[in-house]
Structure formats: C-alpha cells, structure tokens
Amino acid sequence: MFKAERGSPVRRFLEDAPVIVLGAGLAGLTAARQIQKAGKDVIVLEASDDVGGRTLTSRVGWRDNQYANLGGELIDRSYHAVHRLCAELDIDLGAPQAYSRHAPEDNSPIEGFLRATRFIVDGHLLTAEEAEHAAAELRAAVTASPPAAHEIVEQWIRRAQVSSVVAAVVRSLARFFTQLDPWDCDVHFVFGASSGVFQRVRGGTQEVAVAMARDLDVRCGHRVVRVERGRTVRVTTDGGVEFVGSRAICAVGPFVLTSIGFDPPLDDAKVRTATSLLPAMAGKVIAQYEQGDLVREAFRSLVCTDGPINSAWVSVEEPAGSPAIVTAFFAGMGRFHMSAPEEAFGLLDQVVGQVTGQAVHRLHGEIKNWWADPLHLGVTVAPPEGGRQAIAGILSAIEDRTHFAGDYTDAPMSGTLEGAVRSGLRAAQEVLREMDVYDSHFITERLSKP
Amino acid sequence: MTTGIVGAGLAGIFAARRLQEFGEEVVVLEATAHLGGRTRGDRNNLRYGAVADLGASFLDRGQDRLLAFCLEHGIDLSPELRMFPKGPGSGYSGASILLGNLVLDGHKRDRGTREALAGEVQDALGSAPPTVTETLVAWAYRVGLSRPAARAYAMQAGFNPVHRGTLTSTWHAHPGDIGRLCWTLRDSTDTIASTAAEGLDIRLGQPVRVVSRTGRAYRIQTDVEDLVVDDVILTTSVIAARRIGFDPVLPAWKVEALLGTPMSQGGKIIAQYRDGASIWDAAGPSTLTDSPVSMFWLRRTGQDTVTAMGTMPDTGDGILEDHPAALAVLDRQIEAMSGFSPERIGGIVQNWTTDEFVGGVVSMGTGGVERRAALAAAVGGLHFAGEATGERWASAMEGAARSGERAADEILLKRRNRPVLNTSV
C-alpha cells in the first residue's frame, strides 16, 4: 500500500505483513485488540475451537439456563486493567462476595478469612468459636514465629509448630490462592496483602474474550507447531497451514510455550525458566443442585477443606427458586480424584450436604481438569515473591521478532486474569513501538546524494 | 561428633557409611518403613520368587560408584541388558531407542519401519541438532519430523525422566546413554541400600518435621523423637525437603532453588505373566510404546514367567490411580508385541507422585549448573545431598550415592580444619 507513495517507484517499507498472535486467551486477545485499534493488521490463531483460553464458560446441560466458569473467575478490586477492559466492552461484573472480613488489629489476612470463610478440618465444620480460637492461635504463632518473606508455606507451618487445625486452615488457603500444594508456594500468597473480596463477570468470564474476539480476525482450530523467525515470522499449524507475519506475539499458556518448535530455538534462559515453573496440577469439579436457595444461603462465602476438595463456592447470582451451582477446586495431590468423576462428585455432594445441613440433589455436573488438557497442561503459576521479577522478565523478553504475553509474563500479577490483560497491553505496546523496517532502496532514493 | 542424616535413600546411606568409616557418629532418620528411598523392592506380591523394582531399576554403564559397590559386596546383577542397538550409523544417539522394540497406535512396528523412523530422527539430529534446553517436542516440531517419528521420539521422555515430552529438555534423551548398556540387580535394587546400611544406626518411621539451630548444634524433631546433632545432611527429594520446617528459615537462594526444581510426575506399572519364554522372545528386553506405559522391560522369573516393569508419566488421565486400568494398558502392549493375550498372574502399581515423602519420580534439573549448585550448597552445618544435587548422574541412583559421599566429605573436611586447641599453654 506504500508502493507508489509520492510517485516513488520504490516501496517504502520492506514488509506489510500482519502481526500474528498465538493464543486467543485474554492476553492474546487484549494484545490483538490494541494493535488493531492502532490501525495494524493482526491475526489471532487459536488451537482450540473456542476463544477464552483458561476462562471458558460452560453453558450446556445446566437447568434454567445457568452457566459455570470452568477457569479463571475471581476479580479482585486491584484488577484495574480488567475493570477498565470490562467497562470498555460494556461487560458487567456481579456483586462483590466477601470471603474475608478484616479487622484493624489483624496481623495477617488469614484472620479475615477465618471470620468469613468456613473451614472443614478433618471432616468437621469449624464453628464460629472454633474459628475464633484458630485466629487467636494464628495471631500468637505469627507473633512468635513471623514468616520470612520467602518462606515456603509448609515450611512455616512446620517451623511455627501450629496446631493441626491452624495448619489445615493455612494449607487450604494456600491451595485456594495458588492451586498448588502448600509446599510448592511461598507465604506471600497467604500472608501478603489480599482483599478477600471478589467479583465475577456476569454471564461468565468467557464473555470478555468473546466480546474482544467479535471485532478481530480470530482463526480457531489452528494449533501452532512451528514459528520460523527471520526477516518475517512464518507460523505453521498442525494442519500444515502457514501464516506469514511481521512479528509474532506468543500468548499461549505457560506449560505449552515449550511445546512450540521455535526456529531459531527459544533462548536457553527462557526454556529453563519456563520448565522450572511449578505447574498448578489442578482443575474444577462443578455441580448444580436442586435446592438452590438452601445452597446459596449456606454458601454465602467460601468453604475451604483439608480433604481432596480444596475449596467450594457459589459464584453466580441466580433468582430465588432456581438451582445453585457449586464450584470446587481439586489441586495438587488431590488432583487424581478428578479422573474418577463419580467419586469427585460424591465428595462434592458430601461437602455441600455438610455445609447446608441437608442431603442435596445433584442435577448436573462437569469436570474441567486443566492439568490433563493437552492445550494447557496446568491451570496456573504461582512464582515465589523473590523470583517473580526475574521469572517474568525472562519469560517476557523479546527475541527474534517474537513477543511474549500471558499472565505468567507479568511480574506483579502473575497467575491472574489481571496479569493476562496487563501482559497483552504490554506486548501490544512493544509491537507498536517497533519501527517499521524501511526498504533500503527507498532510503537510497530519498536520502542518498550523488 | 554426631551427624544427623535425613532420609535413608542411597544418598543418606552412602553419606552415613563414609562418615562412620572415618569415625564419626551418625544417625539416619527415615520417614517411611523402608530403606532405599526410591529404590524400593516388592517381594510379596509376585509369585515364584519374583521381585519387583518399584522405583529405580538400572545401573547404566559408567555408574561406577554403584558398580564398584556391587563388586566389593558380591551383589549379583542381571545379565547385561541392551535396550536398543547402536545406530543409526556408527554411534548412539537420541534416535537409537527407536531401533528397539516399538509399539505405535497399539501395533508392533517391524524392523523396516523402526529403521526408517530412527533414520529420519538421526538425519534431523545431524542437520539441525537440538539445543541443550530445547524440549523433545519443540525440537521435533522445529525440524519438521513426520508425525510418527515425532511421537516416537518424544515418547522416550515417558521412560526417562518419566515426564511429558513438552516439558523435558533434549539433554535427557541425547546422546542416548540411558539403557544402551545396563544391568538390573538380580534381587531388587534396594539390595544396594540394605547391604550398605549394615552397621548403621538407621531409625525407620521417623519423618523429620523441623530442623532448628541451637547455638552451634542442630535439633532435629521427628514424629517420634528429638535429636541434637552437630551437623545435618538433608537427602530427601526436593519436594519432601519443601515440607520440612527450618529454624532459622533457609536463605532465599536455597528456597528459590527448591521451588525452581520440579519433579517428574509418574510411577511404575509392574506385572507378572505366564508364557515367559514366548513373551521374552517377542518383547524382550524392552519395548517403547506410545501408550500411557511409555516403556517396559522384562525380567525372566520362575516357572516360565516373566515380570514386566513399565514407567507411566502422569498426564492427568488418572490411570496411575486406577490400578486395573493401568495394568490393562501394560497387558495390551505385551499383546501387541507377542500376538497373544497374556495371562497376568500378579500386578503392582506404584505412584511416586502421591507418596507423601517423595512427591514425584526424579528432579527435573531445569535450572542448569547454577540451580544445581544452589541445591547442593551447605547452609552452615546444614548439608544437602540427593539425586537433585548430583554433579554427575543427577536424577539417577548413582548421582544420589555420589552426592551423599560428597556431603560427607564436606563435613569431614570441616572436622579436619577445626582449630587445634593447645590447652597446655
């Protein structure tokens, strides 16, 4: 399109190819949207048959047109980029749910959770007094053995020699925040600042991706297997389809980054860092119960357990009289239960029955095991506080016309919806900041003097 | 002076032997009821005297510390085992394993097919060698291997280090050292541990929960007792180490190394079959497959039976926890090779991932020299050993044993360099 500018017979820029984005999750779509807004061509290639990455919404099989979030759903007040994006896209967030109630005298956020969240320890649902007692013990333990900034959650539990009840509470919250076992994450996830107040996207988290994809050129069913990086970027899918672009933004999940055949290969430091991330080997077990009002009343807050079910909650506001959907995390060592559906649903029925105090009737259920999904191989990352900057820095570093987005490339918000959106904004900026490559003939013609 | 050793795997036992040999007092604390860590043998669940290696099985060529130990102590090995021939071409490579027995899509592949697949991989290795870190799958896609060749090549990650090919760097597979010439123990692999443990003070069933410094000494708390020692050697898996409390807290660089070292996730599927001679002829000594049992190898056992031992990485399909399903996968691979439905007379499934005191199969060594050095470095009187810290043969029994002796030497050197107190002045 620049070829005949000002009567010049020589084209101005060497290339006029689109930017190619790998992955139509929140990161990839956010990046593509920004690039397109700036007037550049962009193509998004998505391996699965739907947009959204790890924010899928399930809509089929649920009574009363209800739906369930299969992946990311919690939106904290500090998720500014997500809030702004939703506002731009005219997407509503539901009413906030408080899983924690802070008090000024608290010396750890866990005390706030002990006021609002209900805990099942060794099969017993803690009473309010027992929770208060645990909070007092925790306060004393934190004073006597303050957790070090970099300490592993389980190592603190052992060092502080807390009771089995307090240990169970801290472990279950660590799993809730990271979907990792408490020996795979550090204390900042449980002792760091956390509001404990969450919102969700009305209509399901996937609405955000769907809204962004509406105006973009997204090609689903194209799993990228090779990215050749030279003066242009040539991307090949598993079906043998080729796309040529000026640059690529790799916005796939953290555990499939190393399954793409980059040529030249990814930098050693990037591969080492990516393969060193501990994958959250987790997923969700979701069930719909007929006694909706009863279940909603009992699940006004979060329920955490020390059993195979890490946590369970009701996330969607539904009218009175309708069924209720309960979502549960199975993570780490508890993940194997997800492959035995009847057993997993049975465990959930039991927890719901215990919290509601009545036997409940399950209408429908669905399991999403992100660890087993070949397009994801894990649900999220939770890097240690001390390593975040270096990890995200290396993973996001630009190399060979390739940019990297995805929640795991954002240091402060790694592993969150906010991190995905922020990383997309950042990668788009990188691409837009790049100079166009001039055709040398054009420069000669314009500037070379005889 | 006393050293407390956490873990009675090969690292712990070899550390203890060396210290005791030089006159040190040593106490070894083991969380489980077993000696040998991830070299456990099962002598109860198979018939006709067959034993199963629930964990590590092989001594590879070059693992001379353990081979020397077997020589010194008269520990018998199996007949020499070559899992695959040399080639293609004049040497061994990451393609060689494809020349051995191979099952793809439930079908045995004939020699011509295997040679073609291995040849394709070998040509690519020659023209576009993988980088050290590049994963098996990324390299296969980069060089554009055909689908069957790519799958067969990536499958070997399920054998070593028992993990997903998308997360396994090619240094695990190339240059084809593992399985090229090896031996198993005639009894189970834990014979090394039980022989080496003779004369040592090893206390089983004592999971260590907290290690704290008290002045110049260390206090080790287990579920059963409290010990005060001068030095500690921690020899557990990295995941088990992350579950022990330390007071004072471990330094940040040590915690980062521990949290930056994933372990491969998976286990072992073992079954004993009748018609041993026929199965051996059809599938021996080993077979690589694209089923959930990535690789299995055979041992001739009594009454014309054969015992097959296979590796299974956890890919989230839950088969490792569904024992009948896991054993059925192994049956089908044997059937694909032998052409008849094998009669299984015993079976064992060992999931190392769900074992509280292990947490996985082996360390993944994803951080290169720098992170391994951080894993191995001492913190005051706290010393670190175990396969993850191995300078050579990390992730193998040999690496574990050598690391234990290295940690013992650190303590011995410290003793030698203690100031000489001249009380007569």
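The values are calculated or read from the model by the stated rules, or taken from the named source; none is laboratory data. This one's a predicted model, so the numbers in the text were calculated from it and none came from an experiment. All Cβ positions, glycine included, derive from the backbone under ideal geometry; neighbour counts span all protein chains shown. All accessible areas refer to the heavy atoms of the entire protein, side chains included, with ligands and DNA or RNA removed. Shrake-Rupley method; radii C 1.70, N 1.55, O 1.52, S 1.80 Å.
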The summed charge of the B:THR189 Cβ neighbourhood (under 15 Å; Lys/Arg +1, Asp/Glu -1) stands at -1
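By how many nm would the segment from B:GLU198 to B:ASP322 lengthen if fully extended, with 0.36 nm per residue of separation less the alpha-carbon distance? Present the calculation step by step, with values, prior to reporting the outcome.
Details: separation 124, 0.36 × 124 = 44.64 nm, distance 3.73 nm.
That works out to 40.9 nm of additional length.
Go ahead and estimate [θ] at 222 nm for the protein assembly as shown from helices alone: -39,500 (n - 2.57) per DSSP H run with n ≥ 4, summed, over the residue count, rounded to 500. Kindly include the intermediate steps, with their values, before the conclusion.
Working: 26 runs with 273 residues, N = 875.
Mean residue ellipticity at 222 nm (helix-derived): -9500 deg cm²/dmol.
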Quick calc: nm separation of the 7 Å Cα→Cβ label points for B:ASP223 and B:GLN303 -> 3.6
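Let me have the relative contact order for chain A, percent, based on Cα pairs under 8 Å that are six or more residues apart.
Values: 966 pairs, mean separation 102.4, N = 450.
After rounding, I find 23 percent.
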The percentage of the accessible area of segment B:96-172 (probe 1.4 Å, all protein chains present) made up of carbon and sulfur atoms, to the nearest whole number, is 51
Once Lys and Arg are counted +1 and Asp and Glu -1 for all other residues with Cβ under 12 Å from that of A:PRO279, the total becomes -2
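On alpha carbon coordinates alone, what is the Rg over Rh value for chain B, Rh being the Kirkwood radius? It would help to have the intermediate numbers written out before the result.
Details: Rg = 22.3 Å, Rh = 22.3 Å.
Rounded to two decimals, Rg over Rh is 1.00.
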If the chain between A:LYS449 and A:ARG101 were fully extended at 0.36 nm per residue, the gain over the current Cα-Cα distance would be 118.0 nm
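Between A:SER163 and A:ARG219, what is 0.36 nm times their sequence separation minus the Cα-Cα distance? Round to one decimal in nm.
On the way: separation 56, 0.36 × 56 = 20.16 nm, distance 5.34 nm.
So the chain would gain 14.8 nm between A:SER163 and A:ARG219.
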Taking a straight Cα-to-Cα line shorter than 15 Å from A:LYS40, and setting aside same-chain aspartates and glutamates fewer than 8 residues away, one finds A:GLU15, A:ASP16, A:ASP215, A:ASP217, A:GLU430, A:GLU434, A:ASP436
Scalar couplings 3J(HN,Hα) for segment A:146-151 by Karplus 6.51 cos²θ - 1.76 cosθ + 1.60 (θ = phi - 60°), nearest whole Hz, x for Gly and Pro, are x, x, 6, 3, 9, 5
Amide H contacts under 5 Å for A:LEU363, restricted to residues at least 5 apart in sequence or on another chain and with H modeled in the peptide plane, are A:GLN288, A:TYR289, A:GLU290
Measuring from the longest principal axis of the C-alpha atoms of chain B, the long axis of helix B:64-73 (C-alpha) lies at a number of degrees, nearest 10, equal to 80
Taking R0 as 30 Å and r as the Cβ-Cβ distance between B:SER90 and B:ARG186, the FRET efficiency 1/(1 + (r/R0)^6), rounded to the nearest 0.05, comes to 0.35
Dividing the mean separation of Cα pairs under 8 Å (6+ apart) by the residue count of segment A:1-160 yields a relative contact order in percent of 10
Largest fluctuation, B:VAL379, B:VAL26, B:VAL211 only, Gaussian network model of chain B with Cα springs under 10 angstrom, belongs to B:VAL379
Log entry: pair-distance distribution for segment A:154-304, C-alpha pairs binned every 10 Å from zero, whole % per bin is 8, 23, 26, 24, 15, 5, 0
Total charge of the residues flanking A:PHE345 in space, meaning their Cβ is under 15 Å from its Cβ, with Lys and Arg +1 and Asp and Glu -1, is -2
Log10 I(q)/I(0) at q = 0.16 Å⁻¹ for segment A:1-130, from Debye over equal alpha-carbon scatterers, is -1.05
Cα-based Rg then Dmax for segment B:258-409, in Å, read 18.6, 60
Taking a ≥ b ≥ c as the square roots of the eigenvalues of the Cα gyration tensor, with a/c under 1.5 meaning rounded and otherwise prolate when a/b exceeds b/c and oblate if not, segment A:98-191 is rounded
Those residues in segment A:152-196 that give up at least 10 Å² of accessible surface, probe 1.4 Å, once the partner protein chains are present instead of the chain by itself are A:ILE152, A:GLU154, A:GLN155, A:ARG158, A:ARG159, A:GLN161, A:TRP183, A:ASP184
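Counting only other chains, and only Cβ atoms inside 10 Å, what mean value do you get across the residues of A:215-221?
Values: counts 0, 0, 0, 0, 0, 0, 0.
Partner Cβ neighbours, averaged per residue: 0.
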Taking every alpha carbon pair in chain A and sorting the distances into 20 angstrom bins from 0 up to the bin holding the longest one, the percent per bin comes out as 24, 52, 19, 4, 0
Checking A:GLN199, A:GLN155, A:GLN34 against a Gaussian network model of chain A (alpha-carbon springs below 10 Å), the top fluctuating residue turns out to be A:GLN155
The correct pair for segment B:266-354, radius of gyration to one decimal and Dmax as a whole number, both in Å and from Cα atoms, is 12.0, 37
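Please state the charge dipole magnitude for segment B:266-354, taken about the Cα centre, from unit charges on C-beta atoms (+1 on K and R, -1 on D and E), reported in debye and rounded to the nearest 20. Please list the in-between numbers first.
Numbers: 6 positive and 11 negative charges, 59 e Å.
Magnitude of the dipole: close to 280 debye.
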HN-Hα couplings for segment B:204-220 via Karplus (6.51, -1.76, 1.60; θ = phi - 60°), in whole Hz with x for Gly/Pro, come out as 7, x, 10, x, 7, 9, 9, 10, 10, 8, 10, x, 9, 10, 10, 10, 10
For B:LYS414 the rounded accessible area (nearest 10 Å², probe 1.4 Å, non-protein molecules ignored) is 80
The protein assembly as shown: spread of alpha-carbon positions along the three principal axes, whole Å, largest first, is 89, 73, 73
Honestly segment B:96-172 on the Cα gyration tensor test (a ≥ b ≥ c root eigenvalues; a/c under 1.5 rounded, otherwise a/b vs b/c for prolate or oblate) is just oblate
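Between A:LEU125 and B:SER127, what is the FRET efficiency for a Förster distance of 56 Å, r being their Cβ-Cβ separation, to the nearest 0.05? Can you show the working numbers first?
Details: r = 64 Å, r/R0 = 1.14.
Computed FRET efficiency for A:LEU125 and B:SER127: 0.30.
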Here the residues of segment B:372-404 lying in the modelled label zone of B:TRP253, meaning backbone nitrogen under 14 Å from a point 7 Å along Cα-to-Cβ, are B:372-380
The helix B:323-338 Cα axis meets the longest alpha-carbon principal axis of chain B at an angle in degrees, between 0 and 90 and rounded to 10, of 50
Long-range amide H partners of A:PHE404, meaning residues 5 or more apart or on another chain whose placed amide H is closer than 5 Å, are A:CYS250
Residues hit by the 40 Å² burial cutoff in segment B:213-246, accessible area with a 1.4 Å probe, assembly against chain on its own, are B:ARG242, B:ARG243
For A:ASP306, other-chain or 5+-apart residues with amide H closer than 5 Å (H placed, Pro excluded) are A:ILE120, A:ASP122, A:GLY123
GNM of chain A, Cα pairs under 10 angstrom: of A:ARG223, A:ARG422, A:ARG231, the biggest fluctuation goes to A:ARG231
With a ≥ b ≥ c from the Cα gyration tensor eigenvalues, square-rooted, and the rule rounded for a/c under 1.5, otherwise prolate when a/b > b/c and oblate otherwise, segment A:124-176 is oblate
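With a 1.4 Å probe and all protein chains left in place, how much accessible area per residue does the protein assembly as shown have, in Å²?
Values: 32940 Å² over 875 residues.
Accessible surface, normalised per residue, equals 38 Å².
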Applied in sequence order to segment A:260-266, the curve 6.51 cos²θ - 1.76 cosθ + 1.60 (Karplus, θ = phi - 60°) yields integer Hz couplings, x standing for Gly and Pro, of 8, x, 6, 9, x, x, 4
